[in-house]
There are 2 protein chains.
Amino acid sequence: MANLGEFEFIAQLLQGPAAEGQPFYRHPLALGIGDDAALIPPLGPQEQLAVASDMLIEGRHYLADCDPRSLGHKVLAVNLSDLAAMGARPLAFTLSAGLREIRRPWIESFLDGMLSLARESQCPLVGGDTTAVGAQASEVFSVTVLGVVRVGTALRRDGLQPGDDLWVSGHLGDAAFALNQGIDDSKLNAPQPRLVLGLGLVGLASAAIDISDGLQSELMHLLNAAQRRAAQPQCLQANVNWQELPLGPLIRQAALAGRLTPSQAAGLAITGGDEYELLFAAAPRERARIEALGPQLGLALTRIGSVEFSDTPGVRWRDAAEAQPPESLQDMITRGGFRHF
Amino acid sequence: MANLGEFEFIAQLLQGPAAEGQPFYRHPLALGIGDDAALIPPLGPQEQLAVASDMLIEGRHYLADCDPRSLGHKVLAVNLSDLAAMGARPLAFTLSAGLREIRRPWIESFLDGMLSLARESQCPLVGGDTTAVGAQASEVFSVTVLGVVRVGTALRRDGLQPGDDLWVSGHLGDAAFALNQGIDDSKLNAPQPRLVLGLGLVGLASAAIDISDGLQSELMHLLNAAQRRAAQPQCLQANVNWQELPLGPLIRQAALAGRLTPSQAAGLAITGGDEYELLFAAAPRERARIEALGPQLGLALTRIGSVEFSDTPGVRWRDAAEAQPPESLQDMITRGGFRHF
């Protein structure tokens, strides 16, 4: 069992590297780790706060023998991805950890991965809690991230409008394939939260969500949120061409080599989780501005379909000839994307 | 293993009772549970944010068979207590939970305890994360609480000044005694975060901390924070009369009945954790105003000692005759207060 002294090592570690290179800590009204609560410098008059929390549990979201640097990165990245999906700029985060024991090199690598991303994202670690768990217990990391948006401009899930185009950033399917095949892949190990894209979409996109559970599942979240918000019941359908999804290089290559059928590759892109790309909706009049945004950010932005009123709400997967997908793909979609449970 | 549908039950439960009676949710710029991030209405121009996180782990901070209502209360209360110690007004909180399974009556009681306190404290639940843990794993709850303070008025730990009086709210020792004796006690099961006191101390107290790990330990935190902040090394000593500590009714009664020696009773008050009272420092000129505050709040506020320059920094426990405490009490203090590890 770890003792208190060993946990103090973490506190010391944090007060050094966590503060490094973060202008936050030079603000006279900021207060970081070490008091009852952290203090955040005042926001601007036209700014409001966005808050998201995600918990990662050993054996459920990651394996005990995973690379600690990559885990540290990911624990923060999945939270920053939520801010990206709101169009929010990161402000600060807290980390609570339940650990079986203090393995110093492991912790140092974990924090190195986490704090590198924190510095890149200008999102300082300002507080949290470290607790020992029993020798047989799972380790657990819980992050809460705070961000800032201009008042009234956040990219909410429920802003979807009939007639909107549907877009995704980057490419899909590689994270699920890498996990399934035991391949080391940067998409899986070091997902890049699409923060700059999220900020760029403010004023352009009508709704956005990050793809953590799979494209099919996130499309349903957008449709359901819009339907809940509507004053009258409205049946919205997402109409998406499965043959034009932006497939990741791993699955594109596997499909070319005949190791995946086109349906299997599309199925991974549609149901695979852990993507941390953005799915967003925008009016057709914004197409040119969105198409210009991609090259600016060095990030593919692909129009995958549109939203329509329909008697059959939900996602309609089709090909260019408006035909239904093959049965094997329909099965894969019905079985569902990544599930936590 | 719980399935996703069962976890959706929690989401439904939260969207009803969590929102009830919380003016927060009626603010047009607020967004609660259900999007990538929650949105907090803008703060006032002279306000800044306070953030604290605490994690409670089954088998470490509470027992599997504890009362779920009391647990729900406590998970939020320990976080609100951190805000109280900063002089902050609660704003909102997030809850992340790792659960083995969904026992509906258990979850309902847990949320009832948590959300009752949330409503009393005007601190709505705005987001979080629910995850299944393995069948053998410990359950875990992680809360992050957000609060508001007027710019520059937060009660920081490091504000302690030589010459300050030291004060504690309420009474001490009962929580540790109840835990040790297996007694049901409201102090242990339903600690009341001292939010109103914290707000009342803004402008009066020079420093404050909440007593979660025990009075001795928190006194050392205040002294160390002041010493770290000082431009030049200064040796500060807390000088405290152990015979005049406000003992809880349980241990006072036990001492009267001869089941505890005076030293043992004082030892519990000095080392016992889970108090969630405030320890604070204030200049002697504030005595009258602080003494008036107690009756206003219906809460005992006891002056327990003072802070002085000294060649021997740390806490000096003494009696009215300036004598050292008996050896049995000194031993108890040396062995330390409540430790997580």
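Taking neighbour Cβ counts within 10 Å as the exposure measure, how do A:Ser186, A:Ser109 sort from fewest upward?
A:Ser186, A:Ser109
Quick check: Cα centre of the range A:121-184 to Cα centre of the range B:32-77, how many Å?
Taking the Cα centre of each part, the range A:121-184 and the range B:32-77 sit 19 Å apart.
From the helices alone, meaning DSSP H stretches of at least four residues, give me the mean residue ellipticity at 222 nm for chain A, per-run term -39500 (n - 2.57), in deg cm²/dmol to the nearest 500. Write out the running numbers ahead of the final one.
Working: 11 runs with 118 residues, N = 341.
Value at 222 nm, helices only: -10500 deg cm²/dmol.
For chain A, calculate the relative contact order in percent as a whole number, restricting contacts to Cα pairs under 8 Å that are 6 or more residues apart.
That works out to 21 percent.
Once the cut-off is 21 Å, how many percent of the Cα-Cα pairs in the range B:4-150 end up in the long-distance tail? Display every interim value, and only then the final one.
Details: 4380 of 10731 pairs.
Beyond 21 Å sits 41 percent of the P(r) for the range B:4-150.
Would you mind checking the tilt of helix A:215-229 against the longest principal axis of the Cα atoms of chain A, expressed as 0 to 90 degrees and rounded to 10?
On a 0 to 90 degree scale, this one is about 90.
At 7 angstrom along the Cα-to-beta-carbon line, where would the label on B:Ala321 sit relative to the other copies? Give the distances in nm, shortest first.
Spacings between copies for this position, smallest first, are 10.4 nm.
Any idea what the B:Pro262 label distances to the other copies are, label 7 Å down the Cα→Cβ vector, nm, shortest first?
9.1
Determine, for each peptide in B:88-99, A:64-75, the mean count of other beta carbons within 10 angstrom over its residues, then list the peptides with the highest first.
Those peptides, ordered most packed to least, come out B:88-99, A:64-75.
Can you say what percent of the DSSP beta bridges in the range B:188-341, counting only those with both residues inside, are antiparallel? Round to 5. Please report the intermediate quantities before stating the final value.
Values: 10 of 15 bridges.
If we restrict to bridges inside the range B:188-341, about 65 percent are antiparallel.
Straight-line reach from B:Lys187: which aspartates and glutamates have Cα under 12 Å away, leaving out those fewer than 8 places along the same chain?
B:Asp174, B:Asp274, B:Glu275, B:Glu277
Given 25 °C and 0.890 mPa s, how large is the Stokes-Einstein diffusion coefficient of the range B:97-245 in µm²/s, with Rh as the Kirkwood radius over Cα pairs? Spell out each step's value before the answer.
Numbers: Rh = 18.8 Å.
The diffusion coefficient I find is 130 µm²/s.
Distances from B:Ser116 to the same residue in each other copy, label points 7 Å out along Cα→Cβ, in nm, shortest first?
Between copies, matching label points for B:Ser116 lie 4.9 nm apart.
Take the eigenvalues of the Cα gyration tensor for the range B:157-335, scale each by 5, and report the square roots as semi-axes in whole Å, largest first.
The answer is 25, 20, 14 Å, longest axis first.
Taking the alpha-carbon centroid of each part, what is the distance from the range B:314-335 to the range B:226-305 in angstrom?
What the calculation gives is 14 Å, centre to centre.
Give me the dipole magnitude in Debye, nearest 20, for the range A:34-88 about the Cα centre, with unit charges on the beta carbon: positive for Lys and Arg, negative for Asp and Glu.
It comes to approximately 180 debye.
Multiply the residue gap between B:Gln122 and B:Thr153 by 0.36 nm, knock off their C-alpha separation, and tell me the result in nm, one decimal place.
Computed gain between B:Gln122 and B:Thr153 is 9.1 nm.
Percent antiparallel among DSSP beta bridges with both residues in the protein assembly as shown, to the nearest 5? Kindly include the intermediate steps, with their values, before the conclusion.
Working: 86 of 116 bridges.
Looking only at bridges with both residues in the protein assembly as shown, the antiparallel portion is about 75 percent.
Quick one: Cα convex hull volume of the protein assembly as shown, Å³ per residue?
158
Quick one: dipole size for chain A, taken about the Cα centre, charges +1 on Lys/Arg Cβ and -1 on Asp/Glu Cβ, in debye to the nearest 20. Before the final figure, lay out the partial values.
On the way: 26 positive and 38 negative charges, 126 e Å.
Roughly 600 debye for chain A.
Two decimals is fine: what's Rg over Rh for the range A:258-341, C-alpha atoms, Kirkwood radius as Rh?
Ratio of gyration radius to Kirkwood radius for the range A:258-341: 0.99.
How big is the antiparallel share of DSSP beta bridges in chain A, given as a percent to the nearest 5?
75
Taking the Cα centre of the range B:127-240 as origin, work out the dipole magnitude from +1 charges on Lys and Arg Cβ and -1 charges on Asp and Glu Cβ, in debye rounded to 20.
Its charge dipole is roughly 480 debye.
Can you check what the Kirkwood hydrodynamic radius comes to for chain A, Cα pairs only, in Å to one decimal?
Working: mean 1/r = 0.0472 Å⁻¹.
Hydrodynamic radius (Kirkwood, Cα pairs) of chain A is 21.2 Å.
A short reminder: the numbers here are calculations on the coordinates, not readings from a lab. Keep in mind the model is a prediction, meaning the values are calculated, not measured. Glycine also receives a Cβ, built like all others from the backbone with ideal geometry; neighbour counts cover every protein chain displayed.
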